[in-house]
Amino acid sequence: MPYCVFKKDKKELNNFMKMKKTFIIIRLFSVMLSIISVTACFLIPSAHKFDPSAFFKFQSNKFDKSTQIILVVDNSSFFFTRTTLYAMEKRNDNWQMAFGPLDAVIGKNGFAPAEEKREGDGKTPSGIYPLTMTFGYDANIRTKMPYRQALVYDIWVDDPQADDYNRWTKIQETKAASYEMMKREDDQYKYGVVIEYNTDPVIKGNGSAIFLHIWKGEALPTAGCVAVSEEDIIKIFGWLDPAASPLIFTGIRN
């Protein structure tokens, strides 16, 4: 066989083997995607099997006089991340679900264990915190809760070195090096509830500006807040009642 013919046949064989290898990789990738899809069908629905009523049988002594509690539950399964919110109220000494479950998002780095939240860590604090004030862009909003309108110069200080750390103030009234605008250019703070984390007392560096607000997107995490859809937070606004001493319980593992 002439050398040039042999060289040509060898080159064609190499090309064939490369194509075969590529085809095998594509087939394996397709199989993996199928397995992931089938797994999701079983695992994602199971995220809603959290039983809030059963949960309260072992936790009710933690809630003092509160008769309204929002549970923020980590319903993640396998490699699927999912956070679910349950609005619970106490009727005739029994805890019942007022509405939900609702899809929610939390900090990009998940829940911080109790007492381990730090400024800028991208985590949502775990624990039980009062809900005492709502805020938003409109002059008035339909809610029984105390409400504060966010104006253009309103800020929330997140500089751990500032004297007014983790406080709502005016931009012209602070010496803080960093802060968060309460009247944002997007709708994330159009409706919000202050989660009273690290507010009484304030411990510098332990985290600031933790709210329940409108999400940027269904699959987009926050910098540490809890966020839901606009439709759902309007529902929460209408439900919360200061007479019920509402609380939020974050970091619950299903």
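Summary table below
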read-out	value
Local electrostatic count at Trp95 - Lys and Arg +1, Asp and Glu -1, tallied over other residues with Cβ under 15 Å	+1
Virtual spin-label span in nm between Ile128 and Lys204, 7 Å along Cα→Cβ	3.1 nm
Principal axes of region 162-215: Cα extent on each, largest first, Å	29, 24, 13
Modelled FRET efficiency - R0 25 Å, Thr81 with Asp51, Cβ distances, 0.05 increments	0.75
Prolate/oblate/rounded call for region 118-254, Cα gyration tensor, a/c under 1.5 rounded	rounded
Isotropically averaged projected area of region 211-254, using the convex hull of Cα atoms (one quarter of hull area), nm²	3.9 nm²
Nonlocal amide H pairs with Arg82, under 5 Å, H built at 1.01 Å	Asn75, Ser76, Ser77
Isotropic mean projected area of the C-alpha convex hull, region 79-187 (nm²)	10.0 nm²
Cβ crowding within 10 Å averaged over residues, with 110-120, 80-90 ranked highest first	80-90, 110-120
Rounded to 5, the percent of DSSP beta bridges in region 50-253 classed as antiparallel	70 percent
Net lengthening on full extension, Glu116/Asp138 (0.36 nm per residue, minus Cα-Cα)	4.4 nm
Rounded, prolate or oblate (a/c below 1.5 giving rounded, otherwise prolate when a/b exceeds b/c) for region 94-153 by Cα gyration tensor	oblate
Surrounding net charge for Ala162, when Lys and Arg each add one and Asp and Glu each subtract one, Cβ distance under 14 Å	-3
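All of the numbers you see were taken from the coordinates with simple rules; none came from a lab. Values in this document were obtained by computation on a predicted structure and should not be read as measured data. Reconstructed Cβ throughout: ideal geometry from the backbone, glycine too, with neighbour counts over all protein chains shown.
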